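Just below is one structure, and these are the notes that go with it.
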């Protein structure tokens, strides 16, 4: 059972402007609840007891929100106030806080609804550290609500992933949810960098895997996405 997670909450939220002029993107409300609370509720339901949260933009408000949240989860802050490190750099800075066991990682601006199976439980059952360095939750491009991209990955019958080729479309979109082995967090570049560096290493070793999400998923990246998501949630 994985009991530790990282919640990515340090971004500037530029695409969500003007809503992020006075609040960080994780605290923008969708269906009456802050985006980060949608993610944290899922993590708590999935058995997570410790969440490392990275902060940068309007960090004090994120910390205050976490202190006011009720529940059994422990929150540990990875402070990026001095410099925004991007996703890979944020993981590297948080590495000492995450422990030596596999952990979940989730973005704070994507919202998902479970399908027939509880999503995080399904991922944990499929996780195999003997052959995986990373297990990514993917959604079929046709069901990636409010997502405008051409897809991210191809997935073979075993779940192994390869990237979309330039000028092509791929059938699966990364949802912002993954399980990672801490062993993959090594040899970082000197500057801020994306998690893609870790994924590329895992892919070259044949150790990057995916699983298809069975429920709903929403890319809540812009103000225009919010009413679409709220309407779909209201109507099941």
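Things to note:
- The condition of being out of contact with any strand residue (DSSP E or B) (no Cβ under 7 Å at 6 or more places or on another chain) and either under 21 Å from residue 195 (Cβ atoms) or outside any helix (DSSP H, G or I) (or both) holds for residue 1.
- Matching option when the condition is surrounded by 15 or more Cβ atoms within 10 Å (Cβ to Cβ), touching a helix residue (DSSP H, G or I) at 6+ places or on another chain (Cβ under 9 Å) and under 16 Å from residue 8 (Cβ atoms), among 106, 94: 106
- Listed by position, the strands (runs of 3 or more DSSP E) inside segment 131-236 whose residues that are surrounded by 13 or more Cβ atoms within 10 Å (Cβ to Cβ) and modelled with pLDDT of 95 or more number at least 3 are 134-140, 153-155, 172-180, 208-212.
- Residue in segment 89-107 that is over 15 Å from the mean Cα position of the chain (by Cα), without any contact (Cβ under 8 Å) to a residue 60 or more places away in the chain and part of a loop (DSSP other than H, G, I, E, B) present: no
- Yes/no for residue 81 being over 24 Å from residue 202 (Cα atoms), without any contact (Cβ under 8 Å) to a residue 24 or more places away in the chain and exposed (fewer than 15 other Cβ atoms within 10 Å of the Cβ): no
- Of the residues making up segment 59-88, those that are under 23 Å from residue 195 (Cβ atoms) and part of a strand (DSSP E or B) are 75, 76, 77, 78, 79.
- The residues of segment 14-46 that are crowded, with 21+ Cβ neighbours inside 10 Å and either free of Cβ contacts under 8 Å to residues at least 12 places away in the same chain or more than 15 Å from the chain's Cα centre (by Cα) (or both), listed by number, are 16, 24, 27.
The values are calculated or read from the model by the stated rules, or taken from the named source; none is laboratory data. Treat the numbers as computed from the prediction; the structure is a model and nothing was measured. No Cβ is skipped: glycine too gets one built from the backbone with ideal geometry, and neighbour counts run over all protein chains shown.
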